[in-house]
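The values are calculated or read from the model by the stated rules, or taken from the named source; none is laboratory data. All of these numbers come straight from a predicted model, not from anything done at the bench. Here the Cβ positions follow ideal geometry from the backbone for every residue, glycine too, while neighbour counts run over all protein chains shown.
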Amino acid sequence: MDKLIAFSGTGHPALAKAICKHLDLELGESTVIRFSDGETRVKIVDNVRGKDVFVIQPTCPPANENIMELLIMIDALKRASASRITAVIPYFGYARQDRKDQPRVPITAKLVANLLTVAGTNRVLTMDLHAGQIQGFFDIPLDNLYAIEVFVDYFEKKKMTNLTIVSPDVGGIKMARAYAKRFHAGLAIVDKRRNSPEETEVMHILGEVKGKNVLLVDDIIATGSSLVEAAHALRQAGAQKIFAAITHGVLSANAVEKISNSEIDTLVITDSIPLAEEKKSQKIKVVSVDELFAEAIKRIHFEKSISVLFDGVGR
């Protein structure tokens, strides 16, 4: 372990410290300052020559600042002769821009992958990518962890019965199926359709939810509109308690207010993104992924298999 060292940007130092605690490591010393014009300056204080370096930095809001800071840190480490640099990105920003869904738009997820590679990243460790094909955007190894085990542990302690797993849209069926398999529960899907540009969306529930406790699962919650609408449709369809397990709690705009006033009984998110004080709510619970990332980092360092961390996911 004397060759292993971890650094944190300003994106989520609390998670980085928690990960290092599980690794029985002190977080590496670095300084990050902003010039008066907004430019970022990084200095790596500790000696990293010949070391296996992990930079822990989610590219959460402010996304552009956190991405740029990560790139600058990686460049500094490369020029300081680090043996290997792994970017640990619990939340991979710009992941929703993974294809050309309209004319003349970028594929920004690919651009970020290129930037990380050119900066000097040798490996990427992330969790619950919005789209699995983003792994193919990288020409370097990428390990994509899954938060399912953390959520399963949380809800199993609640001893939930009569449970049905629900995907809030058709695109999340694969993830919902994995949860249904782990919980030995039923599966349902919320199908959203818009009759016309002027008419509101109509919800169709595919599956049996009447009289059931339901768990909505997804990878990202941003404004929360889709999740709140899905919860309302489930309640109208006769669902009893409504829970949600969402990996990345972006919670932008007035998402917290929407959730607080919604049919959702409890929203559980991970700490892949720091939850600001003003975003805290009695309905929002946070579970930590620090142990999961610590184990992954340890396995990468000792050249052991990462797949054992998600062998039971069954996606």
Any hit, region 296-303, residues being touching a residue at least 40 places away in the same chain (Cβ under 8 Å) and in the same structural domain as Val256 (by TED's automatic domain parsing): no
From the options Ala244, Ala233, residue that is part of a helix (DSSP H, G or I), out of contact with any Gly (no Cβ under 9 Å at 6 or more places or on another chain) and either closer than 25 Å to Ile205 by Cβ or basic (Lys, Arg) (or both): Ala233
Criterion violated by Val118 - all others in (1) closer than 30 Å to Ser81 by Cβ; (2) touching a residue at least 12 places away in the same chain (Cβ under 8 Å) satisfied: (2)
Wholly within region 1-115, strands (runs of 3 or more DSSP E) carrying at least 2 residues that are in contact with a strand residue (DSSP E or B) (Cβ under 7 Å, 6 or more places away or on another chain) and closer than 18 Å to His301 by Cα: 4-8, 52-56, 84-89
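Determine, yes or no, whether Ser262 is in contact (Cβ under 8 Å) with a residue 24 or more places away in the chain, buried (at least 17 other Cβ atoms within 10 Å of the Cβ), in contact with a helix residue (DSSP H, G or I) (Cβ under 6 Å, 6 or more places away or on another chain) and not aliphatic (A, V, I, L, M).
Working: in contact (Cβ under 8 Å) with a residue 24 or more places away in the chain: yes; buried (at least 17 other Cβ atoms within 10 Å of the Cβ): yes; in contact with a helix residue (DSSP H, G or I) (Cβ under 6 Å, 6 or more places away or on another chain): yes; not aliphatic (A, V, I, L, M): yes.
So Ser262 passes the test.
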Some residue of region 198-206 being surrounded by 15 or more Cβ atoms within 10 Å (Cβ to Cβ) and either among the polar types (S, T, N, Q) or in contact (Cβ under 8 Å) with a residue 60 or more places away in the chain (or both): no
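Would region 97-106 turn up any residue that is surrounded by fewer than 16 Cβ atoms within 10 Å (Cβ to Cβ) and among the polar types (S, T, N, Q)? Walk me through it before giving the result.
So in region 97-106, the residues surrounded by fewer than 16 Cβ atoms within 10 Å (Cβ to Cβ) come out as 99-106.
After this cut, where a residue has to be among the polar types (S, T, N, Q) as well, the list is 102.
Scanning region 97-106, I find at least one residue that is surrounded by fewer than 16 Cβ atoms within 10 Å (Cβ to Cβ) and among the polar types (S, T, N, Q), so the answer is yes.
What number of residues in region 238-253 are surrounded by fewer than 19 Cβ atoms within 10 Å (Cβ to Cβ), at pLDDT 95 or above and at negative phi?
As a first pass, look at region 238-253 and keep what is surrounded by fewer than 19 Cβ atoms within 10 Å (Cβ to Cβ): 238, 240-241, 252-253.
Okay, now just the ones that are also at pLDDT 95 or above, so 238, 240-241.
Adding the requirement that they be at negative phi leaves 240-241.
Residues that pass the stated criteria total 2.
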Test: Ser226 is of a type outside the set (A, V, I, L, M), assigned to a loop (DSSP other than H, G, I, E, B) and touching a Lys or Arg at 6+ places or on another chain (Cβ under 9 Å): no
Residue count, region 1-24 (criterion: within 22 Å of Tyr91 (Cβ to Cβ) and not small (Gly, Ala, Ser)): 11
Positions within region 14-41 being under 17 Å from Ile74 (Cβ atoms) and within 17 Å of the chain's Cα centre (by Cα), in sequence order: Ala16
Any hit, region 126-138, residues being part of a helix (DSSP H, G or I), aromatic (Phe, Trp, Tyr) and either assigned by TED's automatic domain parsing to the domain that holds Met68 or in contact with a Ser or Thr (Cβ under 7 Å, 6 or more places away or on another chain) (or both): yes
Members of region 274-287 found to be in contact with a helix residue (DSSP H, G or I) (Cβ under 9 Å, 6 or more places away or on another chain) and under 17 Å from Ile19 (Cα atoms), listed by number: Pro274, Val287
The one condition in (1) in contact with a Phe, Trp or Tyr (Cβ under 7 Å, 6 or more places away or on another chain); (2) more than 25 Å from Ser252 (Cα to Cα) that Phe54 fails to fulfil: (1)
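Tell me the residue from Lys304, Lys285 that is of a type outside the set (Ser, Thr, Tyr), surrounded by fewer than 16 Cβ atoms within 10 Å (Cβ to Cβ) and part of a strand (DSSP E or B), please. Let's see the steps before the verdict.
Values: Lys304 fails: part of a strand (DSSP E or B).
The match here is Lys285.
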Complete set of residues in region 117-167 that are surrounded by 20 or more Cβ atoms within 10 Å (Cβ to Cβ) and hydroxyl-bearing (Ser, Thr, Tyr): Thr121, Thr126, Tyr146, Thr164, Ser167
